[in-house]
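Working notes, structure below.
The values are calculated or read from the model by the stated rules, or taken from the named source; none is laboratory data. Keep in mind that this is a model prediction, so the values were computed, not measured. Because the Cβ atoms are built from the backbone with ideal geometry, glycine has one as well, and the counts that use them run over all protein chains shown.
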Amino acid sequence: DTEVTQTPKHLVMGMTNKKSLKCEQHMGHRAMYWYKQKAKKPPELMFVYSYEKLSINESVPSRFSPECPNSSLLNLHLHALQPEDSALYLCASSPLRRDTIYFGEGSWLTVV
Amino acid sequence: DQQVKQNSPSLSVQEGRISILNCDYTNSMFDYFLWYKKYPAEGPTFLISISSIKDKNEDGRFTVFLNKSAKHLSLHIVPSQPGDSAVYFCAASPLYSGGGADGLTFGKGTHLIIQP
């Protein structure tokens, strides 16, 4: 059972669309993350939030815009994506920034 | 430059036998190591971790061994079960990161297939 919940599980969007991925955890974790994973590759860190503040942006293009409305929620806003952005987007959380991370089940994104 | 290497893309093991998954690392700053298991269409699940002050950590059927001088760790699964079929990622981080996402470097994964 994962306690990091991601919605939607699958998303297909056009290159001109605006959509959002959502992530929620109720474990009281104060650090949350977005990862991107392509087939047969390891997860790649995109963003780190600590205490609802953006701590790390791993040089991610601006067409990906993270948002942390509160300590339980993390969003990833998507706009003008490219087909090569199609991937599994994983949310993760940890009690604090320097703790073991726990992943959600991921959102499969297809850009057409 | 791959700092965490899992040189076997796949491994096939008979049910009931021991599965040994290997991982090598090159960065001597790494002090904390983790294994994640991933089923298709799901996110990685944390399995077990070990810090460099230990050479072995055990949790049920899963044991991780660390050989710091060889910069090598391995995950042993005994006995292997059909539900263990998944991709296993090795990950490493410097001690300051404590296994946190900031300093976490993943290997490319090993696909373990348990045959009945």
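Quick look at the numbers
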| read-out | value |
| --- | --- |
| Residues satisfying the stated conditions in the range A:84-103, i.e. more than 14 Å from chain B (Cβ to nearest Cβ) and either touching a Lys or Arg at 6+ places or on another chain (Cβ under 6 Å) or among the polar types (S, T, N, Q) (or both) | A:SER86 |
| Residue that is surrounded by the most Cβ atoms within 10 Å (Cβ to Cβ), among those in the range A:3-52 that are acidic (Asp, Glu) and within 30 Å of B:GLN6 (Cβ to Cβ) | A:GLU44 |
| Subset of the range A:16-47 (residues that are in a loop (DSSP other than H, G, I, E, B) and over 17 Å from B:ALA92 (Cα atoms)) | A:THR16, A:ASN17, A:HIS26, A:MET27, A:GLY28, A:HIS29, A:ARG30, A:LYS38, A:ALA39, A:LYS40 |
| The one condition in (1) away from every other protein chain (no Cβ under 13 Å); (2) touching a strand residue (DSSP E or B) at 6+ places or on another chain (Cβ under 6 Å); (3) touching a residue at least 40 places away in the same chain (Cβ under 8 Å) that A:TRP34 fails to fulfil | (1) |
| In the range B:20-46, the residues that are surrounded by 13 or more Cβ atoms within 10 Å (Cβ to Cβ), farther than 30 Å from A:TRP108 by Cα and small (Gly, Ala, Ser) | none |
| Residue that is nearest to the other protein chains (Cβ to nearest Cβ) [pool: residues in the range B:87-116 that are in contact with a Pro (Cβ under 7 Å, 6 or more places away or on another chain) and in a strand (DSSP E or B)] | B:PHE106 |
| Set A:SER65, A:SER55: member being modelled with pLDDT under 95 and either out of contact with any Cys (no Cβ under 6 Å at 6 or more places or on another chain) or in a loop (DSSP other than H, G, I, E, B) (or both) | A:SER55 |
| Single match in A:LEU76, A:LEU81 (criterion: under 22 Å from A:ARG97 (Cα atoms), crowded, with 20+ Cβ neighbours inside 10 Å and of a type outside the set (D, E, K, R)) | A:LEU76 |
| Test result for A:VAL60, surrounded by fewer than 18 Cβ atoms within 10 Å (Cβ to Cβ), outside any strand (DSSP E or B) and either within 13 Å of chain B (Cβ to nearest Cβ) or not basic (Lys, Arg) (or both) | yes |
| The range B:85-116 - residue that is surrounded by 19 or more Cβ atoms within 10 Å (Cβ to Cβ) and aliphatic (A, V, I, L, M) and, of those, nearest to A:LYS38 (Cα to Cα) | B:VAL87 |
| Flag if A:LEU81 is within 14 Å of another protein chain (Cβ to nearest Cβ) and over 26 Å from B:PRO94 (Cα atoms) | no |
| Among the residues listed as B:ASN57, B:ASN7, the single one being modelled with pLDDT under 95 and more than 21 Å from B:GLY103 (Cα to Cα) | B:ASN7 |
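Every residue, every condition in (1) out of contact with any strand residue (DSSP E or B) (no Cβ under 7 Å at 6 or more places or on another chain); (2) of a type in the set (A, V, I, L, M, F, W, C), yes or no:
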site	(1), (2)
A:GLN6	no, no
A:PHE47	no, yes
A:LYS53	yes, no
A:GLU58	no, no
A:LEU73	no, yes
A:GLN82	no, no
